[in-house]
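The values are calculated or read from the model by the stated rules, or taken from the named source; none is laboratory data. The model shown is predicted, which means the values in this text are computed figures rather than measured ones. Cβ coordinates were reconstructed from backbone atoms using ideal geometry, including for glycine residues, and neighbour counts include every protein chain displayed. Heavy atoms of the whole protein, side chains included, go into the accessibility calculation; ligands, DNA and RNA do not. Shrake-Rupley method; radii C 1.70, N 1.55, O 1.52, S 1.80 Å.
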Amino acid sequence: MKINLLSCDAQRPDKRAIARCIVEISMNISESLSNELTEILIEGDVVDIEMEDKNTGSSLRALRKLSIDYEIIE
């Protein structure tokens, strides 16, 4: 499943938690790439990732818990 991470609305976003979450839910993203994507997301740009289909519900809950708005593409 592909999703767009639109924005992070947290007042003080936890960059490490966001990067860790991206690594856990995505298919082929390394920690270093995840850190870069986290910076891009916090700056306000859209980030698209491909998510593993297993545990989709818990992955989306984790994003909501981190105050990340997302859009499901496929």
* Nonlocal amide H pairs with Met51, under 5 Å, H built at 1.01 Å -> Lys2, Ile3
* To do: Could you run the Karplus curve 6.51 cos²θ - 1.76 cosθ + 1.60 with θ = phi - 60° over the range 6-14 and give me ³J(HN,Hα) per residue in whole Hz, x for Gly and Pro?
  => 7, 6, 10, 8, 5, 4, 10, x, 8
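By the gyration tensor of its Cα atoms, with a ≥ b ≥ c the square roots of the eigenvalues, what is the shape of the chain: rounded for a/c under 1.5, prolate for a/b over b/c, or oblate? Provide the component values of the computation, followed by the final result.
Working: a/c = 1.44, a/b = 1.27, b/c = 1.14.
Here the chain falls in the rounded category.
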* If each of Glu36 and Asp53 carries a label point 7 Å out from its Cα toward its Cβ, how far apart are those two points in nm? -> 2.9 nm
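Report the net charge of residues surrounding Ala62, where surrounding means a beta-carbon distance below 10 angstrom and charges are Lys +1, Arg +1, Asp -1, Glu -1. Show your work: numbers first, answer last.
Numbers: positive: Arg20, Arg61, Arg64, Lys65; negative: Glu24.
The answer is +3.
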* Cross-link partners of Lys15 among aspartates and glutamates (Cα-Cα below 19 Å; sequence separation of 8 or more within a chain) -> Glu24, Glu31, Glu36, Glu39, Glu43, Asp45, Asp48, Asp69
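State in Å² the accessible area per residue of the chain; use a 1.4 Å probe, count heavy atoms of protein chains only, and round to the nearest integer. Working shown, then result.
Working: 4840 Å² over 74 residues.
Here the residues of the chain average 65 Å² of exposed surface.
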* Phi to ³J(HN,Hα) by Karplus 6.51 cos²θ - 1.76 cosθ + 1.60 over the range 58-68, Hz, x for Gly, Pro -> 5, 5, 5, 4, 4, 5, 5, 5, 8, 6, 9
* Name the long-range amide H neighbours of Ile29: under 5 Å, sequence gap of 5 or more, or other chain; modelled H, no Pro or chain starts. => none
